[in-house]
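What follows is a set of notes on a single structure, which appears directly below.
The values are calculated or read from the model by the stated rules, or taken from the named source; none is laboratory data. As the structure is a computational prediction, the values presented were derived from the model and not from experiment. A quick note on method: Cβ atoms are made from the backbone with ideal geometry, for glycine too, and the neighbour counts reach across all protein chains shown. Remember, those area values only see protein heavy atoms, side chains included, never the ligands or the DNA or RNA. Shrake-Rupley method; radii C 1.70, N 1.55, O 1.52, S 1.80 Å.
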Amino acid sequence: MRVHVVEDDAGVSDSLALILRNIGHDVVSHRDAESLFKGPVPEAGDTVIVDLSLPGIPGAQLVRWLLNLAAPPRVVVITGQSQGFIDHQLRGLMPDGVMRKPLDVDAIARVLPHA
Amino acid sequence: MKDFASPPASLPTSPETAPHPPTVSEARLLSVLDTAADGIIVIDEHARILIFNKACERMFGISAAEAVGQNVKLVMPTEYARQHDAYVGSYIRTGVKKIIGIGREVQGRHADGTVFPLELSVGEAATPDGRQFIGILRDLRPRKESEQRLADLQSELVHLARVSAIDEMGAAIAHELNQPLTALMLYLQAIRRAHSRGVDIVTVVGDILDKAAGEAERAGHIIQRMRQFVEKRDPERHARALDPLIDEAIDLTLLGQRHRIRIEREAGQNLPPVSVDPVQVQQIVVNLVRNAIEAAAGAPDPAIRIRTLASDGSVRLEVQDNGPGIAPEALPKLFEAFASSKRRGMGLGLAISRTIAQNHGGDLLVDPGGNGRGACFTLVLPAAPVPDEVG
(Lines give C-alpha, C1' and ligand atoms only; values in the text may rest on other atoms or scores of the structure.)
Protein backbone atom coordinates (compact mmCIF):
# COMPACT_ATOMS: atom_id res chain seq x y z
CA MET A 1 0.00 0.00 0.00
CA ARG A 2 1.14 3.53 -0.63
CA VAL A 3 1.52 5.75 2.43
CA HIS A 4 2.03 9.51 2.11
CA VAL A 5 3.76 11.11 5.06
CA VAL A 6 3.25 14.87 5.44
CA GLU A 7 5.63 15.88 8.22
CA ASP A 8 8.02 18.81 8.36
CA ASP A 9 10.32 17.40 11.03
CA ALA A 10 13.16 15.70 9.14
CA GLY A 11 13.93 13.18 11.89
CA VAL A 12 10.34 12.10 12.38
CA SER A 13 9.71 11.95 8.64
CA ASP A 14 12.82 9.88 7.93
CA SER A 15 12.29 7.40 10.77
CA LEU A 16 8.61 7.06 9.92
CA ALA A 17 9.47 6.30 6.28
CA LEU A 18 12.03 3.72 7.43
CA ILE A 19 9.61 1.85 9.67
CA LEU A 20 6.76 2.01 7.15
CA ARG A 21 8.97 0.54 4.43
CA ASN A 22 10.07 -2.00 7.00
CA ILE A 23 6.42 -3.00 7.48
CA GLY A 24 6.13 -3.29 3.71
CA HIS A 25 4.55 -0.05 2.50
CA ASP A 26 5.48 2.29 -0.35
CA VAL A 27 6.28 5.62 1.21
CA VAL A 28 6.02 9.09 -0.32
CA SER A 29 7.37 11.83 1.98
CA HIS A 30 6.25 15.46 1.82
CA ARG A 31 7.55 18.22 4.05
CA ASP A 32 4.33 20.24 3.84
CA ALA A 33 0.81 20.23 2.38
CA GLU A 34 1.92 22.36 -0.56
CA SER A 35 4.37 19.72 -1.77
CA LEU A 36 1.70 17.02 -1.52
CA PHE A 37 -0.59 19.11 -3.73
CA LYS A 38 2.11 19.26 -6.40
CA GLY A 39 2.09 15.48 -6.86
CA PRO A 40 -0.69 13.07 -7.85
CA VAL A 41 -3.80 13.18 -5.66
CA PRO A 42 -3.78 10.34 -3.09
CA GLU A 43 -6.13 7.54 -4.06
CA ALA A 44 -8.79 5.71 -2.12
CA GLY A 45 -6.49 2.78 -1.37
CA ASP A 46 -3.71 5.04 -0.03
CA THR A 47 -3.10 6.23 3.50
CA VAL A 48 -2.02 9.81 4.26
CA ILE A 49 -0.31 10.47 7.57
CA VAL A 50 -0.60 14.19 8.37
CA ASP A 51 1.23 16.06 11.09
CA LEU A 52 -1.19 18.57 12.59
CA SER A 53 1.47 21.28 12.97
CA LEU A 54 2.71 22.02 9.48
CA PRO A 55 4.40 25.13 8.15
CA GLY A 56 2.23 26.98 5.65
CA ILE A 57 -1.17 25.35 5.09
CA PRO A 58 -2.20 23.94 8.48
CA GLY A 59 -2.48 20.19 8.95
CA ALA A 60 -6.19 20.39 9.80
CA GLN A 61 -6.89 22.13 6.49
CA LEU A 62 -5.12 19.36 4.60
CA VAL A 63 -7.12 16.77 6.53
CA ARG A 64 -10.35 18.53 5.57
CA TRP A 65 -9.29 18.66 1.91
CA LEU A 66 -8.37 14.96 1.84
CA LEU A 67 -11.60 13.86 3.54
CA ASN A 68 -13.62 15.90 1.06
CA LEU A 69 -12.09 14.15 -1.98
CA ALA A 70 -14.53 12.13 -4.04
CA ALA A 71 -12.58 8.99 -3.23
CA PRO A 72 -10.85 9.90 0.01
CA PRO A 73 -7.75 8.02 1.14
CA ARG A 74 -7.38 6.79 4.68
CA VAL A 75 -6.29 9.79 6.78
CA VAL A 76 -4.25 9.43 9.97
CA VAL A 77 -3.29 12.46 12.05
CA ILE A 78 -0.09 12.51 14.07
CA THR A 79 0.70 15.23 16.59
CA GLY A 80 2.75 16.06 19.61
CA GLN A 81 0.37 18.81 20.69
CA SER A 82 -1.98 18.86 23.67
CA GLN A 83 -5.42 17.27 23.58
CA GLY A 84 -6.99 20.72 23.73
CA PHE A 85 -5.10 21.80 20.62
CA ILE A 86 -6.07 18.57 18.81
CA ASP A 87 -9.76 18.94 19.67
CA HIS A 88 -9.73 22.57 18.58
CA GLN A 89 -7.98 21.84 15.27
CA LEU A 90 -10.02 18.78 14.37
CA ARG A 91 -13.49 19.98 15.36
CA GLY A 92 -15.96 18.61 12.84
CA LEU A 93 -13.33 16.39 11.20
CA MET A 94 -13.31 12.60 11.48
CA PRO A 95 -9.92 11.27 10.38
CA ASP A 96 -9.45 7.49 10.42
CA GLY A 97 -6.95 7.71 13.24
CA VAL A 98 -5.22 10.16 15.57
CA MET A 99 -1.83 9.20 16.98
CA ARG A 100 -0.03 11.25 19.55
CA LYS A 101 3.74 11.48 19.56
CA PRO A 102 5.95 9.87 20.64
CA LEU A 103 4.89 7.20 18.16
CA ASP A 104 5.83 3.56 18.19
CA VAL A 105 5.57 0.90 15.57
CA ASP A 106 2.67 -0.95 17.23
CA ALA A 107 0.51 2.17 17.30
CA ILE A 108 1.28 2.74 13.63
CA ALA A 109 0.53 -0.85 12.70
CA ARG A 110 -2.82 -0.61 14.49
CA VAL A 111 -4.09 2.35 12.46
CA LEU A 112 -2.83 1.11 9.10
CA PRO A 113 -4.42 -1.75 7.21
CA HIS A 114 -2.01 -4.64 6.85
CA ALA A 115 0.36 -4.33 3.98
CA MET B 1 51.72 72.76 70.15
CA LYS B 2 49.27 71.59 72.72
CA ASP B 3 49.59 68.40 74.63
CA PHE B 4 47.42 65.51 73.35
CA ALA B 5 45.44 65.40 76.55
CA SER B 6 44.43 69.05 76.48
CA PRO B 7 42.16 69.75 73.56
CA PRO B 8 41.86 73.22 72.14
CA ALA B 9 39.52 75.59 73.86
CA SER B 10 37.46 76.20 70.75
CA LEU B 11 35.58 72.94 70.94
CA PRO B 12 34.50 71.04 74.02
CA THR B 13 35.51 67.47 74.42
CA SER B 14 34.04 64.46 76.13
CA PRO B 15 33.64 65.07 79.86
CA GLU B 16 35.92 62.21 80.83
CA THR B 17 38.82 63.74 78.92
CA ALA B 18 38.12 67.33 79.83
CA PRO B 19 40.73 68.88 82.08
CA HIS B 20 38.20 71.21 83.69
CA PRO B 21 34.46 71.09 84.35
CA PRO B 22 32.67 72.15 81.14
CA THR B 23 31.00 75.50 80.86
CA VAL B 24 27.22 75.62 80.28
CA SER B 25 27.59 76.02 76.52
CA GLU B 26 30.24 73.31 76.37
CA ALA B 27 28.01 70.99 78.38
CA ARG B 28 25.12 71.72 76.00
CA LEU B 29 27.25 71.01 72.95
CA LEU B 30 28.63 67.83 74.47
CA SER B 31 25.14 66.63 75.20
CA VAL B 32 24.13 67.39 71.60
CA LEU B 33 27.13 65.50 70.28
CA ASP B 34 26.44 62.49 72.44
CA THR B 35 22.74 62.46 71.62
CA ALA B 36 23.43 62.47 67.87
CA ALA B 37 22.61 59.19 66.18
CA ASP B 38 25.45 59.74 63.73
CA GLY B 39 29.07 59.35 64.68
CA ILE B 40 30.89 62.68 65.02
CA ILE B 41 34.66 63.00 65.04
CA VAL B 42 36.58 66.28 65.21
CA ILE B 43 40.27 66.28 64.27
CA ASP B 44 42.96 68.94 64.09
CA GLU B 45 45.34 69.73 61.24
CA HIS B 46 47.51 66.80 62.25
CA ALA B 47 44.55 64.43 62.06
CA ARG B 48 44.53 63.98 65.84
CA ILE B 49 41.16 63.17 67.31
CA LEU B 50 39.76 65.98 69.49
CA ILE B 51 36.20 64.75 69.81
CA PHE B 52 34.82 61.25 69.56
CA ASN B 53 31.11 61.11 70.42
CA LYS B 54 29.05 58.28 71.94
CA ALA B 55 27.79 57.06 68.55
CA CYS B 56 31.43 56.69 67.49
CA GLU B 57 32.23 54.69 70.60
CA ARG B 58 29.50 52.23 69.62
CA MET B 59 30.40 52.25 65.96
CA PHE B 60 34.10 51.54 66.44
CA GLY B 61 34.16 49.81 69.84
CA ILE B 62 36.65 52.36 71.15
CA SER B 63 36.02 54.66 74.12
CA ALA B 64 36.40 58.41 73.73
CA ALA B 65 39.12 58.36 76.40
CA GLU B 66 41.17 55.96 74.24
CA ALA B 67 40.46 57.71 70.97
CA VAL B 68 41.05 61.34 71.82
CA GLY B 69 44.60 62.41 71.07
CA GLN B 70 45.26 59.54 68.66
CA ASN B 71 45.52 59.92 64.90
CA VAL B 72 42.15 59.36 63.23
CA LYS B 73 43.76 56.49 61.30
CA LEU B 74 42.78 54.52 64.40
CA VAL B 75 39.31 53.96 62.92
CA MET B 76 40.41 53.36 59.32
CA PRO B 77 41.40 50.15 57.56
CA THR B 78 45.14 50.04 56.81
CA GLU B 79 44.90 50.93 53.11
CA TYR B 80 42.94 54.12 53.86
CA ALA B 81 45.02 54.94 56.89
CA ARG B 82 48.22 54.94 54.84
CA GLN B 83 46.89 57.66 52.56
CA HIS B 84 44.97 59.76 55.02
CA ASP B 85 47.89 61.89 56.25
CA ALA B 86 48.71 62.64 52.64
CA TYR B 87 45.11 63.70 51.95
CA VAL B 88 45.06 66.09 54.92
CA GLY B 89 48.52 67.43 54.04
CA SER B 90 47.54 67.90 50.39
CA TYR B 91 44.38 69.80 51.30
CA ILE B 92 46.20 72.05 53.75
CA ARG B 93 48.90 72.77 51.15
CA THR B 94 46.76 73.15 48.03
CA GLY B 95 43.27 73.90 49.34
CA VAL B 96 41.85 71.46 46.79
CA LYS B 97 38.79 69.84 48.36
CA LYS B 98 38.49 66.14 47.76
CA ILE B 99 35.93 65.34 50.42
CA ILE B 100 35.18 68.51 52.36
CA GLY B 101 31.64 69.63 51.82
CA ILE B 102 30.95 66.46 49.85
CA GLY B 103 29.56 63.22 51.25
CA ARG B 104 31.45 60.13 50.33
CA GLU B 105 31.30 56.42 50.99
CA VAL B 106 34.39 55.23 52.82
CA GLN B 107 35.38 52.28 54.99
CA GLY B 108 35.73 52.28 58.75
CA ARG B 109 37.42 49.76 61.00
CA HIS B 110 35.99 48.51 64.27
CA ALA B 111 38.37 47.70 67.15
CA ASP B 112 37.68 44.00 66.50
CA GLY B 113 39.08 44.38 62.98
CA THR B 114 35.74 44.39 61.13
CA VAL B 115 35.83 46.73 58.15
CA PHE B 116 32.47 48.25 57.26
CA PRO B 117 31.05 50.86 54.87
CA LEU B 118 30.47 54.38 56.15
CA GLU B 119 28.99 57.50 54.72
CA LEU B 120 31.31 60.33 55.67
CA SER B 121 30.73 64.04 55.31
CA VAL B 122 33.42 66.42 56.37
CA GLY B 123 33.14 70.06 57.40
CA GLU B 124 35.87 72.47 58.27
CA ALA B 125 36.13 75.07 61.03
CA ALA B 126 38.81 77.73 61.42
CA THR B 127 39.50 78.12 65.13
CA PRO B 128 42.04 80.13 67.10
CA ASP B 129 43.91 76.83 67.51
CA GLY B 130 44.11 76.20 63.81
CA ARG B 131 41.91 74.43 61.39
CA GLN B 132 39.73 71.63 62.60
CA PHE B 133 37.80 69.10 60.57
CA ILE B 134 34.43 67.73 61.62
CA GLY B 135 33.45 64.33 60.29
CA ILE B 136 29.91 63.03 60.47
CA LEU B 137 29.70 59.29 59.98
CA ARG B 138 26.82 56.99 59.28
CA ASP B 139 27.16 53.22 59.37
CA LEU B 140 25.94 52.05 55.97
CA ARG B 141 25.53 48.41 56.91
CA PRO B 142 21.79 48.54 57.66
CA ARG B 143 21.19 50.38 54.38
CA LYS B 144 23.45 47.99 52.51
CA GLU B 145 21.63 45.07 54.07
CA SER B 146 18.24 46.32 53.00
CA GLU B 147 19.58 47.13 49.53
CA GLN B 148 20.94 43.60 49.37
CA ARG B 149 17.63 42.18 50.56
CA LEU B 150 15.82 44.16 47.90
CA ALA B 151 18.26 42.99 45.24
CA ASP B 152 17.83 39.38 46.41
CA LEU B 153 14.06 39.63 46.29
CA GLN B 154 14.20 41.18 42.86
CA SER B 155 16.46 38.45 41.56
CA GLU B 156 14.08 35.83 43.03
CA LEU B 157 11.22 37.47 41.19
CA VAL B 158 13.16 37.65 37.94
CA HIS B 159 13.91 33.95 38.27
CA LEU B 160 10.31 33.18 39.15
CA ALA B 161 9.13 34.95 36.01
CA ARG B 162 11.55 32.87 33.97
CA VAL B 163 10.29 29.65 35.50
CA SER B 164 6.75 30.83 34.88
CA ALA B 165 7.54 31.51 31.21
CA ILE B 166 8.92 28.00 30.77
CA ASP B 167 5.89 26.66 32.61
CA GLU B 168 3.59 28.43 30.16
CA MET B 169 5.66 27.07 27.30
CA GLY B 170 5.51 23.59 28.84
CA ALA B 171 3.10 22.03 26.35
CA ALA B 172 5.03 23.45 23.43
CA ILE B 173 8.32 22.18 24.81
CA ALA B 174 6.79 18.74 25.41
CA HIS B 175 5.80 18.76 21.74
CA GLU B 176 9.30 19.70 20.73
CA LEU B 177 10.73 16.84 22.78
CA ASN B 178 8.24 14.46 21.22
CA GLN B 179 9.80 14.90 17.80
CA PRO B 180 13.25 13.46 18.55
CA LEU B 181 11.74 10.88 20.90
CA THR B 182 9.42 9.68 18.13
CA ALA B 183 12.26 9.48 15.63
CA LEU B 184 14.52 7.73 18.15
CA MET B 185 11.86 5.18 18.99
CA LEU B 186 11.07 4.43 15.33
CA TYR B 187 14.74 4.06 14.37
CA LEU B 188 15.32 1.61 17.19
CA GLN B 189 12.14 -0.32 16.46
CA ALA B 190 13.06 -0.55 12.78
CA ILE B 191 16.33 -2.21 13.74
CA ARG B 192 14.59 -4.45 16.26
CA ARG B 193 12.01 -5.63 13.72
CA ALA B 194 14.58 -6.35 11.05
CA HIS B 195 16.72 -8.19 13.55
CA SER B 196 13.92 -10.37 14.88
CA ARG B 197 12.95 -11.33 11.35
CA GLY B 198 16.46 -12.31 10.48
CA VAL B 199 16.74 -9.57 7.84
CA ASP B 200 20.32 -8.70 6.98
CA ILE B 201 20.71 -5.13 8.20
CA VAL B 202 24.49 -5.04 8.56
CA THR B 203 24.90 -2.49 5.79
CA VAL B 204 22.41 0.01 7.15
CA VAL B 205 22.47 -0.49 10.88
CA GLY B 206 25.39 1.87 11.50
CA ASP B 207 23.68 4.64 9.60
CA ILE B 208 20.40 4.15 11.46
CA LEU B 209 22.12 4.06 14.83
CA ASP B 210 23.91 7.31 13.98
CA LYS B 211 20.59 8.91 13.17
CA ALA B 212 19.10 7.56 16.40
CA ALA B 213 22.00 8.97 18.39
CA GLY B 214 21.53 12.30 16.60
CA GLU B 215 17.90 12.40 17.68
CA ALA B 216 18.82 11.60 21.31
CA GLU B 217 21.32 14.43 21.15
CA ARG B 218 18.66 16.76 19.80
CA ALA B 219 16.40 15.90 22.75
CA GLY B 220 19.33 16.56 25.06
CA HIS B 221 19.88 20.01 23.53
CA ILE B 222 16.28 20.98 24.14
CA ILE B 223 16.58 20.01 27.79
CA GLN B 224 19.89 21.82 28.05
CA ARG B 225 18.56 25.02 26.53
CA MET B 226 15.61 24.95 28.90
CA ARG B 227 17.77 24.20 31.90
CA GLN B 228 20.15 27.08 31.19
CA PHE B 229 17.17 29.36 31.10
CA VAL B 230 15.44 28.28 34.31
CA GLU B 231 18.37 27.49 36.55
CA LYS B 232 18.86 29.88 39.40
CA ARG B 233 22.05 31.85 39.19
CA ASP B 234 23.46 35.01 40.69
CA PRO B 235 23.12 38.06 38.46
CA GLU B 236 26.23 38.70 36.41
CA ARG B 237 27.59 41.13 33.83
CA HIS B 238 29.52 40.22 30.72
CA ALA B 239 30.37 42.25 27.65
CA ARG B 240 28.56 40.37 24.90
CA ALA B 241 27.38 40.82 21.36
CA LEU B 242 23.60 41.18 21.57
CA ASP B 243 22.60 39.39 18.35
CA PRO B 244 23.73 35.83 19.20
CA LEU B 245 21.91 36.12 22.55
CA ILE B 246 18.78 37.21 20.72
CA ASP B 247 19.00 34.38 18.19
CA GLU B 248 19.30 31.80 20.98
CA ALA B 249 16.33 33.30 22.76
CA ILE B 250 14.26 33.26 19.56
CA ASP B 251 15.11 29.57 19.11
CA LEU B 252 13.95 28.88 22.65
CA THR B 253 10.72 30.79 22.11
CA LEU B 254 10.00 28.99 18.88
CA LEU B 255 10.38 25.56 20.49
CA GLY B 256 7.15 23.82 19.63
CA GLN B 257 5.55 26.95 18.19
CA ARG B 258 2.90 25.95 15.73
CA HIS B 259 4.81 27.41 12.79
CA ARG B 260 2.10 29.78 11.77
CA ILE B 261 4.29 32.82 12.11
CA ARG B 262 6.80 34.49 9.84
CA ILE B 263 9.87 35.86 11.61
CA GLU B 264 11.79 38.62 9.90
CA ARG B 265 15.18 38.95 11.52
CA GLU B 266 17.45 41.89 10.81
CA ALA B 267 20.74 41.99 12.67
CA GLY B 268 22.45 45.39 12.85
CA GLN B 269 25.92 45.93 11.37
CA ASN B 270 28.93 46.50 13.64
CA LEU B 271 26.94 46.78 16.86
CA PRO B 272 29.03 47.52 19.95
CA PRO B 273 28.89 44.88 22.68
CA VAL B 274 26.62 45.39 25.66
CA SER B 275 27.40 44.67 29.29
CA VAL B 276 24.64 42.30 30.34
CA ASP B 277 23.43 39.35 32.31
CA PRO B 278 22.98 37.12 29.25
CA VAL B 279 20.14 34.98 30.62
CA GLN B 280 18.22 38.00 31.92
CA VAL B 281 18.44 39.69 28.53
CA GLN B 282 17.28 36.48 26.87
CA GLN B 283 14.40 36.47 29.32
CA ILE B 284 13.32 39.86 27.95
CA VAL B 285 13.62 38.63 24.37
CA VAL B 286 11.61 35.46 25.09
CA ASN B 287 8.92 37.59 26.71
CA LEU B 288 8.74 40.14 23.89
CA VAL B 289 8.76 37.52 21.13
CA ARG B 290 6.08 35.41 22.84
CA ASN B 291 3.90 38.49 23.28
CA ALA B 292 4.46 39.47 19.66
CA ILE B 293 3.56 36.01 18.38
CA GLU B 294 0.40 36.06 20.46
CA ALA B 295 -0.50 39.56 19.29
CA ALA B 296 0.04 38.66 15.64
CA ALA B 297 -1.84 35.36 15.86
CA GLY B 298 -5.10 36.84 14.62
CA ALA B 299 -3.57 38.62 11.62
CA PRO B 300 -4.19 37.17 8.14
CA ASP B 301 -0.43 36.78 7.61
CA PRO B 302 1.02 36.68 11.14
CA ALA B 303 4.53 38.08 11.12
CA ILE B 304 6.97 39.66 13.52
CA ARG B 305 10.06 41.66 12.79
CA ILE B 306 13.00 41.46 15.18
CA ARG B 307 15.84 43.82 14.49
CA THR B 308 18.85 45.30 16.21
CA LEU B 309 20.49 48.64 15.56
CA ALA B 310 23.02 50.96 17.15
CA SER B 311 21.85 54.39 18.24
CA ASP B 312 24.01 56.91 20.05
CA GLY B 313 25.90 55.00 22.69
CA SER B 314 23.31 52.25 22.95
CA VAL B 315 22.08 49.15 21.19
CA ARG B 316 18.37 48.80 20.46
CA LEU B 317 16.33 45.70 19.88
CA GLU B 318 12.94 46.22 18.24
CA VAL B 319 10.23 43.59 18.27
CA GLN B 320 7.40 44.59 15.97
CA ASP B 321 4.25 42.54 15.42
CA ASN B 322 1.51 42.96 12.83
CA GLY B 323 -1.34 42.48 15.29
CA PRO B 324 -4.01 45.05 16.16
CA GLY B 325 -1.78 47.19 18.42
CA ILE B 326 -2.32 47.86 22.11
CA ALA B 327 -5.69 49.22 23.23
CA PRO B 328 -5.37 52.75 24.68
CA GLU B 329 -7.08 51.61 27.91
CA ALA B 330 -4.49 48.84 28.42
CA LEU B 331 -1.55 51.17 27.92
CA PRO B 332 -1.28 52.83 31.37
CA LYS B 333 -1.03 49.46 33.13
CA LEU B 334 1.03 47.71 30.49
CA PHE B 335 4.21 47.54 32.55
CA GLU B 336 2.50 46.89 35.89
CA ALA B 337 2.88 43.51 37.53
CA PHE B 338 -0.21 41.31 37.80
CA ALA B 339 -2.21 43.66 35.55
CA SER B 340 -2.16 41.36 32.53
CA SER B 341 -5.24 41.00 30.40
CA LYS B 342 -4.15 37.51 29.40
CA ARG B 343 -5.77 34.40 30.75
CA ARG B 344 -2.50 32.61 31.24
CA GLY B 345 0.58 33.51 33.20
CA MET B 346 1.13 35.80 36.11
CA GLY B 347 1.21 39.06 34.20
CA LEU B 348 4.80 39.60 35.28
CA GLY B 349 6.49 39.50 31.90
CA LEU B 350 6.60 43.14 30.89
CA ALA B 351 7.03 44.45 34.45
CA ILE B 352 10.03 42.18 35.00
CA SER B 353 11.41 42.87 31.53
CA ARG B 354 11.39 46.60 32.15
CA THR B 355 12.98 46.14 35.59
CA ILE B 356 15.76 44.03 34.06
CA ALA B 357 16.30 46.62 31.31
CA GLN B 358 16.54 49.43 33.86
CA ASN B 359 18.89 47.44 36.08
CA HIS B 360 21.14 47.28 33.02
CA GLY B 361 21.04 51.06 32.72
CA GLY B 362 18.67 50.77 29.77
CA ASP B 363 14.91 50.82 29.28
CA LEU B 364 12.00 49.08 27.65
CA LEU B 365 9.78 51.31 25.53
CA VAL B 366 6.58 50.71 23.62
CA ASP B 367 4.98 52.15 20.54
CA PRO B 368 1.40 50.90 20.96
CA GLY B 369 0.53 51.02 17.27
CA GLY B 370 -3.19 50.73 16.47
CA ASN B 371 -5.16 51.78 13.39
CA GLY B 372 -3.77 48.93 11.36
CA ARG B 373 -0.31 49.04 12.89
CA GLY B 374 1.00 46.43 15.30
CA ALA B 375 2.80 47.24 18.53
CA CYS B 376 6.55 47.68 18.67
CA PHE B 377 8.60 47.12 21.83
CA THR B 378 12.11 48.54 22.00
CA LEU B 379 14.75 47.33 24.40
CA VAL B 380 17.52 49.89 24.84
CA LEU B 381 20.82 48.78 26.36
CA PRO B 382 23.84 51.05 26.82
CA ALA B 383 26.90 49.98 24.84
CA ALA B 384 29.58 48.39 27.02
CA PRO B 385 32.38 50.84 27.83
CA VAL B 386 35.15 48.28 27.20
CA PRO B 387 35.16 45.06 25.20
CA ASP B 388 36.60 43.04 28.14
CA GLU B 389 34.72 41.14 30.81
CA VAL B 390 33.33 43.63 33.29
CA GLY B 391 32.78 41.46 36.29
Looking at the range A:33-54, which of its residues are touching a strand residue (DSSP E or B) at 6+ places or on another chain (Cβ under 7 Å) and either of a type in the set (Val, Ile, Thr) or within 14 Å of another protein chain (Cβ to nearest Cβ) (or both)? A:33, A:47, A:48, A:49, A:50, A:51, A:52, A:53, A:54
So which of B:108, B:113 is of a type in the set (Gly, Ala, Ser), assigned to a loop (DSSP other than H, G, I, E, B) and open to solvent by less than 70 Å² (accessible area, probe 1.4 Å)? B:113
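Quick grid of which residues meet (1) closer than 30 Å to residue B:286 by Cα; (2) in contact with a Ser or Thr (Cβ under 9 Å, 6 or more places away or on another chain); (3) in the same structural domain as residue B:249 (by TED's automatic domain parsing):
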site	(1), (2), (3)
B:126	no, no, no
B:131	no, no, no
B:159	yes, no, yes
B:171	yes, yes, yes
B:174	yes, yes, yes
B:181	yes, no, yes
B:191	no, no, yes
B:194	no, no, yes
Out of the residues in the range A:1-16 that are open to solvent by 30 Å² or more (accessible area, probe 1.4 Å) and without any contact (Cβ under 8 Å) to a residue 40 or more places away in the chain, state the one that is nearest to the other protein chains (Cβ to nearest Cβ). A:14
So, of the residues in the range B:255-279 that are open to solvent by 60 Å² or more (accessible area, probe 1.4 Å) and within 14 Å of chain A (Cβ to nearest Cβ), which turns out to be farthest from residue A:85 (Cα to Cα)? B:262
Quick one: what pairs do we get from the range A:17-32, first residue within 11 Å of another protein chain (Cβ to nearest Cβ), second open to solvent by less than 50 Å² (accessible area, probe 1.4 Å) and of a type in the set (Gly, Ala, Ser), C-beta under 6 Å, 6+ apart or different chains? A:18/B:190; A:19/B:190; A:22/B:190; A:32/A:56
Mind telling me which of the residues B:174, B:194 ends up being farther than 17 Å from residue A:10 by Cβ, of a type in the set (A, V, I, L, M, F, W, C) and under 38 Å from the mean Cα position of the chain (by Cα)? B:174
Sort out which residues of the range A:61-100 are charged (D, E, K, R) and either open to solvent by less than 10 Å² (accessible area, probe 1.4 Å) or farther than 29 Å from residue B:190 by Cβ (or both), and write them in order of number. A:64, A:87, A:91
Check whether at least one residue in the range B:296-311 is under 31 Å from the mean Cα position of the chain (by Cα) and farther than 27 Å from residue B:239 by Cα, and report yes or no. yes
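Yes/no per residue for (1) modelled with pLDDT under 90; (2) surrounded by 23 or more Cβ atoms within 10 Å (Cβ to Cβ); (3) among the hydrophobic types (A, V, I, L, M, F, W, C):
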| residue | (1), (2), (3) |
| --- | --- |
| B:284 | no, yes, yes |
| B:289 | no, yes, yes |
| B:294 | yes, no, no |
| B:299 | yes, no, yes |
| B:302 | no, no, no |
| B:305 | no, no, no |
| B:309 | no, no, yes |
| B:314 | no, no, no |
| B:317 | no, yes, yes |
From the list B:184, B:160, exactly one residue is within 30 Å of residue B:294 (Cβ to Cβ) and either acidic (Asp, Glu) or assigned to a helix (DSSP H, G or I) (or both). Which is it? B:160
Could you pull out the residue among B:190, B:194 that is crowded, with 21+ Cβ neighbours inside 10 Å, at the interface with chain A (Cβ under 9 Å from one of its Cβ atoms) and farther than 24 Å from residue B:253 by Cα? B:190
For the range B:59-105, give me the residue count where each residue is part of a strand (DSSP E or B), under 23 Å from residue B:131 (Cα atoms) and touching a Pro at 6+ places or on another chain (Cβ under 9 Å). 0
